[in-house]
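Input: a single structure, listed below in structure tokens.
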Amino acid sequence: MLCHIPAARRGPLVWLIPSLWTLALGLWGLSRQDSVWRDEAATWQVAGRSAGEILDMLGHVDAVHGLYYLLMHGLFELFGASTTTLRLPSVLAVAAAAACVAVIGRRLAGFWAGLGGGLALGLLPAVQFHLQEGRPYALVAAGAGLSTLVLVSLLSEAPGPRRRVWPRWTAYTAAVLVCALLNWLSLLVLPAHAVTLWWARAGRRVWLRWAAYGACAVAGALPLVLFSRSQSDQVSWIPPLTWHMMIGPAILLALGGICALADRPRAGRLSATAVGLPLLAVPQLGLIGISLVQPLFLDRYVLFSMLGLALLIGAGLGAAVRAARPLSPRRAGLLVPGAIGVSVLALLPVELGKRAPASRVDDVLAVAGEVARLGRPGDAVLFVPAARRDTALVSPQAFAGLADVALERSPVASATLKGEEADPARIREALLGRSRVLLVTDAAKVAKPSGAARDAAKAAVLKERFTVVEDRQVRGRRVTVYERR
């Protein structure tokens, strides 16, 4: 039992147990039944290009993810392209974030608060989704956890005339900057930390150092921020902010507030609440504010705010242990493991759901299998919209022998994600020379009307000159086989 372990020996356990726990959660069902959805397909196909080709692409699209793509390119080169290589960095990142939460919680609220917070992080539904996601948001969470841990170590340490603090401030700047290069909305961690400084009544010297080192991080990320704004069409699909979209943040903030009350925060004291509540609230509210100017409200952009919620949950559990200890010291030590066990059972449907292919909007690998089964050498293949070409880019072997008749320049040659297609007249001419066509598109329940002239030309030719002979829908994608009349 942990309660019987001497306090001096608990130090490594407070972060080791949450790390291993989160790692186990991440490895459980990591392949999601060998499924890859459209966002991960972008990572997969870009990571398979050379470094030079990736840099060329970033000048046209997805510059905001450039550092992440280069990292994944290196991993694909070393370990090969697979769902494990795609998702394991996120698993390790969340495990590292859990360790940071645990160490912060222990420093500010005791062993049980640290252990409870570290164990809780991997169970949060939003974290469970991105725990096994081949995108950069889990890595950002790890960096935010590290920067927050460094800041807490600087604030909780007694000042001394000969104490060297610049190495840790430099580490703080590096962590914030790397996070910003992975997703520049992570710079919202800086105002969250500013609220913590205000709450803890940090001295003037600390404020000046934080401002100087934080400004260095912002300056380092500013070129990316400005350049990526020229590619804002990529996020034009995000809907404007509505009241119902704020229900989720409201619930999170309410839960965090309840846990904060259990911690009994006081102004002027560095506490779990002084760190966790701003880390939860400021990024959420900041993203809402930004979205009033330009729609950007996606919870994954502020996934790192879940570290604040986990820290507050840990503080609440730690307070419960302290309250129960006078009544029953032996049973008080069972409170945190018991709460985590009950949470696992209560969230079991969520845990199973996040690890199923149906948890994502589509699966590019499943539809590639259907193409391989239905296609014949010499058949034409069309993609509507053109972004659905990701299926062929991730599984080129399934499209061997098929002719992508609409494609004029490949994604690599055009330095884009989906390639450049020919004009509608040429697409029509190419289709009229074929006797059999496979159309890869979205399943009916997730399909959206396409206003592109090229897609309209494809649909018109198929309707006029071809007949449907087979139609398959699988995991959010659809393959329809047409034969010439």
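The values are calculated or read from the model by the stated rules, or taken from the named source; none is laboratory data. Predicted model only: the values in this text are computed from it and were never measured. All Cβ positions, even for glycine, are placed from backbone atoms using ideal geometry, and neighbour counts span all protein chains on display. Side chains are part of the model used for accessible areas, which takes the heavy atoms of the whole protein and leaves out ligands, DNA and RNA. Shrake-Rupley method; radii C 1.70, N 1.55, O 1.52, S 1.80 Å.
In nm, give the distance between the simple-model label positions of residue 327 and residue 298, each being 7 Å from the Cα along the Cα-to-Cβ direction.
Result for the modelled spin labels: 4.6 nm.
Please state the relative contact order of the chain as a whole percent: Cα pairs under 8 Å, 6+ residues apart?
RCO, the chain: 18 percent.
Of 445, 458, 354, which has the most accessible area with a 1.4 Å probe, and how do the rest follow in descending order?
The ordering from most to least exposed comes out as 445, 354, 458.
Would you kindly state how much longer the chain becomes between residue 235 and residue 470 on full extension, computed as 0.36 nm times their sequence separation minus their alpha carbon distance, in nm to one decimal?
That pair, residue 235 and residue 470, stretches by 81.1 nm at full extension.
Under a 1.4 Å probe, what is the accessible area of the chain per residue, stated in Å²?
I get 44 Å² per residue for this part.
In degrees, nearest 10, range 0 to 90: what is the angle between the Cα axis of helix 272-293 and the longest Cα principal axis of the chain?
30 degrees
Computed from the coordinates I sent, Cα extents along the principal axes in Å equals one of [x] 83, 46, 45; [y] 83, 55, 46; [z] 70, 60, 37. Tell me the label.
Among [x] 83, 46, 45; [y] 83, 55, 46; [z] 70, 60, 37, the one derived from this structure is [x].
Taking the highest mean first, how do the peptides 386-393, 476-483, 407-414, 337-344 order by number of other beta carbon atoms within 10 angstrom per residue?
386-393, 476-483, 407-414, 337-344
For the chain, give me the percentage of DSSP beta bridges that are antiparallel, rounded to the nearest 5 percent.
Percent antiparallel among DSSP bridges in the chain is about 70.
Take the alpha carbon gyration tensor of the range 352-391, find the square roots of its eigenvalues, order them as a ≥ b ≥ c, and report rounded if a/c is under 1.5; if not, report prolate when a/b exceeds b/c, else oblate.
oblate
With charges only on Cβ, +1 for K and R and -1 for D and E, what is the dipole size of the range 358-485 about its Cα centre, in debye, rounded to 20?
260 debye
If I model a spin label at residue 452 and residue 408 as a point 7 Å from the Cα along the Cα→Cβ vector, what separation in nanometres do I get?
Output for this residue pair reads 1.2 nm.
Measure off, as a whole percent, the carbon and sulfur share of the 1.4 Å-probe accessible area of the chain, all protein chains present.
64 percent
Counting only the heavy atoms of the protein chains, how much of residue 418 is accessible to a 1.4 Å probe, in Å² to the nearest 10?
100 Å²
Which shape class, rounded, prolate or oblate, goes with the range 214-283 when its Cα gyration tensor gives a ≥ b ≥ c as root eigenvalues, a/c under 1.5 marks rounded, and past that a/b bigger than b/c marks prolate?
Taking the square roots of the gyration eigenvalues as a ≥ b ≥ c, the range 214-283 is oblate.
If you line up the long axis of helix 66-79 against the longest principal axis of the chain, both from Cα atoms, how many degrees apart are they, to the nearest 10?
The two axes meet at around 80 degrees.
If we sort 48-60, 20-32, 105-117 on the protection proxy, mean other Cβ atoms within 10 Å, highest first, what's the order?
The densest-packed peptide leads the list: 105-117, 20-32, 48-60.
Rounded, prolate or oblate: which fits the range 363-485, taking a ≥ b ≥ c as square roots of the Cα gyration tensor eigenvalues, rounded meaning a/c under 1.5, else prolate when a/b beats b/c?
Judged from the Cα gyration tensor, the range 363-485 comes out rounded (a/c under 1.5).
In whole angstrom, note down how far apart the Cα centers of the range 402-456 and the range 89-151 are.
When both Cα centres are located, 42 Å separates them.
Under 8 Å for C-alpha pairs, at least 6 residues apart: give me the relative contact order for the range 355-485, rounded to a whole percent.
With pairs under 8 Å counted, the relative contact order is 30 percent.
Sequence-distant or interchain residues sharing an amide H contact under 5 Å with residue 408, placed H: which?
Under 5 Å from the amide H of residue 408: 420, 421, 422.
Once amide H atoms are built 1.01 Å from N in the peptide plane, which residues 5 or more positions from residue 381, or in another chain, come under 5 Å H to H?
403, 404, 405, 438
By how many degrees, 0 to 90 and rounded to 10, does the Cα axis of helix 11-27 deviate from the longest principal axis of the chain?
Around 20 degrees separate the two axes.
For residue 389, what charge total do you get from the other residues with a beta carbon under 14 Å from its beta carbon, if Lys and Arg give +1 and Asp and Glu give -1?
It works out to a net charge of -1.
May I ask which residue of 356, 281, 45 lies farthest towards the positive end of the charge dipole of the chain, with charges of +1 (Lys, Arg) and -1 (Asp, Glu) on Cβ and the Cα centre as origin?
281
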